[in-house]
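To keep things clear, I will list the structure first and then write my remarks on it.
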Amino acid sequence: MRTVRTGQFPGRAAALILCLLASPALAEPKPAGEGAGAPALETDWPLHGRTQDEQRFSPIGAIHRDNVTRLGLAWSVPAGTTRGLEATPIVVDGVMYVTTTWSRVVALDAATGAERWRYDPKVPGWKARHACCDVVNRGVAVSKGRVYLGTLDGRLIALSAENGTPIWEVRTAPLDQPYTITGAPRIVKGRVVIGNGGADFGVRGYVSAYDAMTGELAWRFYTVPASKSGPHEHPELEQAAQTWSKDSAWESGLGGTVWDSMAWDPELDLLYVGVGNSSIYHRETRSPGGGDNLFLASILALNPDTGRLVWHYQTTPGEQWDYTATQHLILAELEIAGRSRKVLMQAPKNGFFYVLDRATGELLSAEKYVSVSWATHVDLRTGRPVERPEASWKDSDVAVVPSIAGGHNWHPMSFSPRTGWVYVPAIEYGYRYLYDADFKFEAVKYNTGEDMERLAASLEGYEEIALAFCSPTRLLAWDPVAAKKIWEVRRDTALPAGVLSTAGDLVFQGAEQGRLAAYDARTGVRLWASDPGVRIMAPPISYSVGGQQYIAVVAGAGGSAGGHFIKIDDTNAGRILAWKLDGIAERPAARPRPLRSVGAPRVELSPDQVVHGRAVYHQYCTSCHGLGAKSSGLHPDLRFSTPEVHDQWAEIVLGGIRQAKGMASFADALSASDAEAVHAYVIQRALAEPTVAQRLVGWATENACVPASWIAD
């Protein structure tokens, strides 16, 4: 058994957050086939996962275990943002195409970082209100001289790869509804395939395919029915409708958004897409009486020509914990039980690592890759998880593992054909779902079914416990044939990061304290690390120009994890970076965040008004401004609002005078008294004296991070 720890930890401490760890295992490496998918030039990174099978493995081996310590920074380019960066760069013919925040695109010389062009789709700032997890974008698709971009406000745009000039633009999601696009498009047989997000706010999910030359809609597959009786847009919805009760919350859209992962097998001619969580997490509120609620939390195999369903597999029937199946899909060929199998692999949020026959959808294995409390196991005969009744929050509060962040989120994993292992950026902690007997669906708010007021009240004074005490992320090497963990690295950070594996038997991932690190693919031992001066959560890539291998990544914290589970004391100035052997570029220095002071007016506050303000705040404001009005540093911390902000409170919250910067008007959802109550709550939080817990957190944050294993009890 092998566990690799990074960093040192101080003495034992107590906390009020659930953080659980799983045990690693050790086995000998097993070789595996190269996997399916159209070939790509070894020198390029032309597709989101480098090849259609999405393995995120680079066959370039010039950088390897024996010389990786010679890696030095080749170039560094400012990304022009201080918000989250999640993109996979695309490299074609020596040109790198990268997206940044607000769906902007930049084209760079891949050898030098010199800028070729930039494109700004001018997403309206108020659209940030519809983004659950920051104004991020995970990348473009490049094909036949065109760059394809999905924008936060729901457009699909084709640009000239030569100069960034728009060629065509279509609207793929309605602007006035809380749809967003943060995922990367895929090119399949001359069509651009794109999904969308927004299930947490209340939308109906679908995935669409557009003609790559003209932008004309080719087909659309809805993942959930619009009603019990129809009309159904395609026959598969008749099957899906049978798994929903007639009293389902149809007005919520039901969710099921396809917001990230896809893969294509050109031999089987199947397009695989992952489907997300429900709209209204609470099962009995969403679909009274139960039901599997197809096609939530499912993997779909579609005919790429017609969009018709070939097979599906549901990872979490009737899901009620935000357990999306939108996580990275990988295709490979593995020898299982003496037989070569074309497989699809996924480590979705629910904590089980799935291996499916990708031709038929047959379940081959499903084992826990992190701690799991909601189910005992997955029945291989039926393909269904065996749920623990006590994990359901039908009419009571329940603590469940994994949390709403999942055992694995959007951060891509990687498969190495050399070791036969999958390298998973995993997360280990739990979450408490607080039942709300009075919940009612309202458009454009967090519609989870949880009692957000009680959740907020229970966490006040403890919001930063996760930041100081719980470092729940891991890098796992998982053997998909033996269905077990080989090794793990326990990372001293709560910020997950995407993974790259290479022919040099290296695994690259953003590590603690903003580093990019290289690990031995067979042992997990860290061999090299570089500090670029800003935290990394995006996946690295590798490519070659002029015979020189590069490792590149986009750096900048943000998203849901970056916005809530880490504390950022610098300006988080994002960068696009590349390393090469014997690189000598100067490392950019992190810039400290300016000191802040409390400018809240000292006025008498009504206790009832503060309580109401807490409830409203945590329905509409938490995603940007943090639990308990404590921001990680990426977005304005309202406790430190200036006197001007306090004076203009109503004009900002209701009048929208700062919507160009992302602070939309909430006049359609909040009354003047609601806005005033939120203001009272923020003032109360700004003037609150630190509790013992807060002082303990402050000490731990400044000194070191206490391991999550010491808090689990």
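The values are calculated or read from the model by the stated rules, or taken from the named source; none is laboratory data. Everything numeric in this text was worked out from a predicted model, so none of it was measured. We place every Cβ from the backbone using ideal geometry, glycine too, and count neighbours over all the protein chains shown.
Remarks
- Counting the residues of segment 203-221 that are over 25 Å from the mean Cα position of the chain (by Cα), in a strand (DSSP E or B) and charged (D, E, K, R) gives 1.
- For segment 347-369, the condition holds for at least one residue, the condition being that it is assigned to a strand (DSSP E or B), out of contact with any Phe, Trp or Tyr (no Cβ under 8 Å at 6 or more places or on another chain) and without any contact (Cβ under 8 Å) to a residue 60 or more places away in the chain.
- For segment 245-290, the set of residues classified as touching a residue at least 60 places away in the same chain (Cβ under 8 Å) and aromatic (Phe, Trp, Tyr) consists of TRP259, TRP264, TYR272, TYR281, listed by residue number.
- Checking the stated criteria, TRP478 turns out to be within 25 Å of HIS48 (Cβ to Cβ) and either modelled with pLDDT under 90 or outside any loop (DSSP other than H, G, I, E, B) (or both).
- For segment 383-414, a residue qualifies if it is in contact with a Gly (Cβ under 7 Å, 6 or more places away or on another chain), aliphatic (A, V, I, L, M) and within 14 Å of GLU319 (Cβ to Cβ), and exactly one does: VAL400.
- Helices (runs of 4 or more DSSP H) (entirely within segment 581-674) containing at least 1 residues that are of a type in the set (D, E, K, R): 607-620, 643-647, 649-653
- The residues of segment 419-440 that are more than 27 Å from ASP492 (Cβ to Cβ) and either crowded, with 20+ Cβ neighbours inside 10 Å or in contact with a Lys or Arg (Cβ under 9 Å, 6 or more places away or on another chain) (or both), listed by number, are GLY420, TYR433, LEU434, TYR435, ASP436.
- The single residue among VAL273, VAL224 that is touching a strand residue (DSSP E or B) at 6+ places or on another chain (Cβ under 8 Å) and assigned to a loop (DSSP other than H, G, I, E, B) turns out to be VAL224.
- Boolean, ALA25 is modelled with pLDDT under 50, over 21 Å from the mean Cα position of the chain (by Cα) and crowded, with 22+ Cβ neighbours inside 10 Å: no
- When GLY190, GLY230, GLY202, GLY215 are checked against the criterion of being surrounded by fewer than 23 Cβ atoms within 10 Å (Cβ to Cβ), modelled with pLDDT under 95 and more than 18 Å from LEU300 (Cβ to Cβ), a single residue qualifies: GLY230.
- Single residue of segment 481-509 satisfying the filter (modelled with pLDDT under 95 and of a type outside the set (A, V, I, L, M)) that is nearest to ALA332 (Cα to Cα): PRO496
- Residue within segment 557-567 that is in the same structural domain as LEU500 (by TED's automatic domain parsing), surrounded by 24 or more Cβ atoms within 10 Å (Cβ to Cβ) and on the phi > 0 side of the Ramachandran plot present: yes
- When GLY183, GLY256 are checked against the criterion of being touching an Asp or Glu at 6+ places or on another chain (Cβ under 8 Å) and either buried (at least 23 other Cβ atoms within 10 Å of the Cβ) or more than 22 Å from THR306 (Cα to Cα) (or both), GLY183 stands alone in meeting it.
- Test: residue in segment 521-541 that is in contact with a helix residue (DSSP H, G or I) (Cβ under 8 Å, 6 or more places away or on another chain), at pLDDT below 95, farther than 20 Å from HIS48 by Cβ and small (Gly, Ala, Ser): yes
- Taken over segment 119-151, residues that are part of a strand (DSSP E or B), among the β-branched types (Val, Ile, Thr) and in contact (Cβ under 8 Å) with a residue 60 or more places away in the chain amount to 1.
- Qualifying residue in segment 192-202 (condition: without any contact (Cβ under 8 Å) to a residue 40 or more places away in the chain and either closer than 24 Å to LEU329 by Cβ or in a loop (DSSP other than H, G, I, E, B) (or both)): no
- Among the candidates PHE295, PHE353, residue that is crowded, with 21+ Cβ neighbours inside 10 Å and touching an Asp or Glu at 6+ places or on another chain (Cβ under 7 Å): PHE353
- Spans of strands (runs of 3 or more DSSP E) in segment 501-545 with at least 2 residues crowded, with 21+ Cβ neighbours inside 10 Å: 506-510, 516-520, 541-545
- Selected residue (criterion: nearest to TYR550 (Cα to Cα)) from residues of segment 481-498 that are part of a strand (DSSP E or B) and touching a Lys or Arg at 6+ places or on another chain (Cβ under 7 Å): VAL489
- Entry remark, segment 305-319: residues being surrounded by fewer than 24 Cβ atoms within 10 Å (Cβ to Cβ) and in a loop (DSSP other than H, G, I, E, B) number 6 in total.
- Every condition in (1) closer than 21 Å to ALA664 by Cα; (2) surrounded by fewer than 23 Cβ atoms within 10 Å (Cβ to Cβ); (3) not polar (S, T, N, Q) holds for GLY164 except the one numbered (1).
- In segment 396-438, of all residues being aromatic (Phe, Trp, Tyr) and at pLDDT 90 or above, the one that is farthest from ASP200 (Cα to Cα) corresponds to TRP421.
- The residues of segment 76-118 that are in contact with a Gly (Cβ under 6 Å, 6 or more places away or on another chain), in a strand (DSSP E or B) and either assigned by TED's automatic domain parsing to the domain that holds PRO636 or crowded, with 22+ Cβ neighbours inside 10 Å (or both) amount to a single one, THR99.
- So LEU159, is it in contact with a strand residue (DSSP E or B) (Cβ under 8 Å, 6 or more places away or on another chain), in a loop (DSSP other than H, G, I, E, B) and either modelled with pLDDT under 95 or not β-branched (Val, Ile, Thr) (or both): no
- Residue match in segment 557-570 (condition: touching a Ser or Thr at 6+ places or on another chain (Cβ under 8 Å) and over 22 Å from ALA405 (Cβ atoms)): no
- Meets criteria (at pLDDT 80 or above and more than 25 Å from the chain's Cα centre (by Cα)) for VAL610: yes
- Scanning segment 107-149 for residues that are in contact with a Pro (Cβ under 6 Å, 6 or more places away or on another chain) and within 28 Å of VAL545 (Cα to Cα) turns up ALA141, TYR148.
- Residue under evaluation ASP66, criteria (1) surrounded by fewer than 19 Cβ atoms within 10 Å (Cβ to Cβ); (2) within 15 Å of GLY420 (Cα to Cα); (3) at pLDDT 50 or above, criterion not met: (2)
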